[in-house]
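Could you have a look at this structure, given as structure tokens, before my questions?
The values are calculated or read from the model by the stated rules, or taken from the named source; none is laboratory data. Predicted model, so just to flag it, every value in this text is computed and none were measured. Every residue, glycine among them, receives a Cβ derived from its backbone with ideal geometry; neighbour counts consider all protein chains shown.
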Amino acid sequence: MDRFQVIPAAYVVLRRGDEVLLLLRADTGYMDGYWAVPAGHVEKDESVLAAAIREVREEVGVEIDPADLLPLTAMHRTGGNGRPIDERVDFFFTTTRWRGEPRLMEPGKAAGLGWYSLDNLPDPVVPHEARVLAGVRSGGLPAIIAQGFSPDSP
């Protein structure tokens with residue numbers, strides 16, 4: 001019998017005061033035209049912390065010390081369609097410290113980059129990321145979020 005599998009991903013909310021850094025997704029085949037934080041899949045033999053640091057470097061060109069990554073929440077989400085690609089565990093981190101100036105590093109995957117106030121985010125933001133950013137704005141996020149499951153599940 002095959003075991004249930006999920007795809008892990010790392011997300012990093014770079015903060016500058018009440019602002020967050022967002023990328024406008026383009027030509028990726030997933031949520032193109034939506035704003036998102038730097039993020040990506042955890043690769044084989046890579047820790048989620050290493051993935052977070054790598055993705056930020058690849059997408060916005062800054063370096064983060066692992067000690068400066070603060071956990072925000074973990075999100076277990078499903079697309080509810082039975083497709084393995086839509087079964088996810090997302091690890092969200094935040095930081096206010098990095099080396100370098102954020103810049104668009106992958107113009108083939110993003111059409112824009114900008115700092116946005118948590119009170120005035122661009123529209124649209126990737127829905128599960130918008131949920132986390134709303135929690136950052138309000139100052140309260142649970143340690144674990146389940147999204148897309150039946151209303152009867154905790």
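Has the range 125-135 got at least one residue that is at pLDDT 95 or above, out of contact with any Lys or Arg (no Cβ under 8 Å at 6 or more places or on another chain) and in a strand (DSSP E or B)?
Yes, the range 125-135 has at least one match.
Every residue in the range 30-62 that is assigned to a loop (DSSP other than H, G, I, E, B) and closer than 25 Å to ALA134 by Cα, please.
Answer for the range 30-62, where residues must be assigned to a loop (DSSP other than H, G, I, E, B) and closer than 25 Å to ALA134 by Cα: TYR30, MET31, ASP32, GLY33, TYR34, VAL37, PRO38, VAL42, VAL62.
Sort out which residues of the range 32-56 are free of Cβ contacts under 8 Å to residues at least 12 places away in the same chain and closer than 22 Å to TYR116 by Cα, and write them in order of number.
ASP32, the sole residue that qualifies.
Take the range 56-85 and flag every residue that is of a type in the set (D, E, K, R) and out of contact with any His (no Cβ under 9 Å at 6 or more places or on another chain). Working first, answer last.
As a first pass, look at the range 56-85 and keep what is of a type in the set (D, E, K, R): 57-59, 63, 65, 68, 77, 83.
ARG57, GLU58, GLU59, GLU63, ASP65, ASP68, ARG83 - these are the residues of the range 56-85 that are of a type in the set (D, E, K, R) and out of contact with any His (no Cβ under 9 Å at 6 or more places or on another chain).
When only residues in the range 82-113 that are without any contact (Cβ under 8 Å) to a residue 24 or more places away in the chain and surrounded by fewer than 11 Cβ atoms within 10 Å (Cβ to Cβ) count, which is farthest from MET31 (Cα to Cα)?
Restricting attention to the range 82-113, the residues satisfying the condition of being without any contact (Cβ under 8 Å) to a residue 24 or more places away in the chain are 82-83, 86, 107.
Then drop every residue that is not surrounded by fewer than 11 Cβ atoms within 10 Å (Cβ to Cβ), which leaves 82-83.
Details: GLY82: 19, ARG83: 17 Å.
Filtering first and then ranking leaves GLY82.
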